[in-house]
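Data block below; observations after.
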Amino acid sequence: MKTDASQTVQLLQSILNVALSLQSAIDELKGTNTKSRPDGMDIELEHAPRARGEPLLNDQQRRICEQVINVFETGTIAGKYGSISIYNDGPNGIRQVTYGRSQTTEYGNLRELVSMYASAGGRYSEQLRPYVDKIGRVALVDNQEFKSLLKSAGNEDQVMRDCQDLFFDRRYFQPTLRWAADNGFRHALSVLVIYDSFIHSGGILGFLRERFSEHPPTQGGREETWILQYVQVRHNWLSSHSSPAVRASSYRTRDLLREIDSTNWDLSALPFKANGTPVYGRPAEREAPPASDIQPLVHVVGGGEYGDAA
């Protein structure tokens, strides 16, 4: 059955809504809402459901947030939908697949993404369908056919790209906006800081929250102070981590601290240099910036050893 673009998007949205509802019910029954993290990272996360109410960002600010994270994760402004990396960040430090525009993991939410795609009538949907029930249950990190299908779907099929856009929005961006709004954060740069934590660490890590004294705005704290202190302790944690790959990912907090120091709270001072790549938040995501602003890409870790924690 062939569908036009609008029908495809509606279908994907319906599929994702059902998946999220089921996951929320499972989380409620379990009494937890955790994400796959490296060994020793089984800690409580401050997390929240989909955002409601007035938007915190205008369209350009949202694009900047998404494009900065795309660069942090895959080294490109548009994101690499077919990107596959292998890191030792699965349960108990085992190897696992990380995949897609903003990198989700084999033992995290990759099963949900592939299930969406398998139900969406994409070019490789039928071939990937048998893997849905195996993801996260049977190790697929060395399954060349599975990885090849994921790569081909991401690189060649617009349906997979649409699935990923919906998936990363609902799994990460909407909870980011909800958490920010519920805690009184209003600046675009604050949203980017929180979004980076949700993508990179699965949420606002409780043990880092305990390392600084400022309260969130809803509890009488000052937004700018909370964001600065949080990024400082997160930077110290990343840059002193025992894992070399995690230490390398501290470029994220380095760049965020630079923007905080520049008081670029509304993300209007452009370009935002994301690990050396200039980000302008343009709608044409592959549009090249002025030649004078182009710098060589230095992308150390895309999602790192615990990068997606999805």
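Where a number appears in this text, it was derived from the coordinates with a stated rule and is not lab data. These figures come from a predicted structure and were not determined experimentally. FYI the Cβ positions are ideal-geometry reconstructions off the backbone, even for glycines, and counts take in every protein chain you see.
What is the gain in length, in nm to one decimal, between I86 and L270 on full extension, counting 0.36 nm per residue of separation less the C-alpha to C-alpha distance?
Details: separation 184, 0.36 × 184 = 66.24 nm, distance 3.31 nm.
That pair, I86 and L270, stretches by 62.9 nm at full extension.
Between A248 and D261, what is the spin-label point distance in nm, taking each point 7 Å from the Cα along the Cα→C-beta axis?
2.4 nm
As an exercise, use a Förster radius of 30 Å and the Cβ-Cβ distance of D182 and S148 to find the FRET efficiency, rounded to the nearest 0.05.
Values: r = 42 Å, r/R0 = 1.39.
Rounded to the nearest 0.05, the efficiency is 0.10.
Please sort 181-192, 254-265 by packing, taking for each peptide the average over its residues of neighbouring beta carbons within 10 angstrom, highest first.
Numbers: 181-192: 20.8, 254-265: 16.1.
Taking the mean over residues of other Cβ atoms within 10 Å, the ranking is 181-192, 254-265.
Multiply the residue gap between R137 and R209 by 0.36 nm, knock off their C-alpha separation, and tell me the result in nm, one decimal place.
On the way: separation 72, 0.36 × 72 = 25.92 nm, distance 3.23 nm.
Here the answer is 22.7 nm.
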